[in-house]
Amino acid sequence: MRSIAALLLVIVGLAVGLGACVARGRPLPADGLVNLVPGQTITLTLEANPSTGYAWSVECDGTVVELIRQEYESRSNLPGAPGVESFTFRGVAPGRVDVAFNYRRNWEQEAIKTEVVSFVVR
């Protein structure tokens, strides 16, 4: 019985440890502001669970910053497990732009959650 409990602790520890390594960016800033210079990149992350049908979409016109990569990585090999969606932006030209992140199903018009980040490129 002790060996089973020890094995479960090891498995849970590995799962938690591997999950902590998934995010290769930073969460959205608390103040909603990101400062960049032209050519500089930043990767922002949001919690996601596409197995529910929901995914993040980004509204970005590409004039001040451009979205150069969007990828999802699960925190576990278990079906239905949540993970992290990463968004990499590059500063393009001086200015300020608000970028909206909408969490919704593709077939639905309304987002259940919207986050807005203001990018300032100098």
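Go through region 88-122 residue by residue and tally those that are surrounded by fewer than 16 Cβ atoms within 10 Å (Cβ to Cβ) and closer than 18 Å to THR52 by Cα. Residues in region 88-122 being surrounded by fewer than 16 Cβ atoms within 10 Å (Cβ to Cβ) and closer than 18 Å to THR52 by Cα: 9 in total.
Screening the candidates PRO27, PRO50 for the property of being in contact with a strand residue (DSSP E or B) (Cβ under 9 Å, 6 or more places away or on another chain) and surrounded by 13 or more Cβ atoms within 10 Å (Cβ to Cβ) yields one hit, PRO50. Across region 68-122, the qualifying residues are those that are touching a Leu at 6+ places or on another chain (Cβ under 9 Å) and of a type in the set (Phe, Trp, Tyr), and the one among them that is nearest to PRO27 (Cα to Cα) is PHE87. Identify all residues within region 59-87 that are crowded, with 17+ Cβ neighbours inside 10 Å, part of a strand (DSSP E or B) and either under 16 Å from the mean Cα position of the chain (by Cα) or touching a residue at least 60 places away in the same chain (Cβ under 8 Å) (or both); write none if there are none. Once the filter is applied, which keeps residues that are crowded, with 17+ Cβ neighbours inside 10 Å, part of a strand (DSSP E or B) and either under 16 Å from the mean Cα position of the chain (by Cα) or touching a residue at least 60 places away in the same chain (Cβ under 8 Å) (or both), region 59-87 yields SER74, GLY83, VAL84, GLU85, SER86, PHE87.
Each reported figure results from applying straightforward, stated rules to the coordinates on display, with no laboratory input. Predicted model only: the values in this text are computed from it and were never measured. Here the Cβ is made from the backbone with ideal geometry for all residues, glycine too, and neighbour counts use every protein chain on show.
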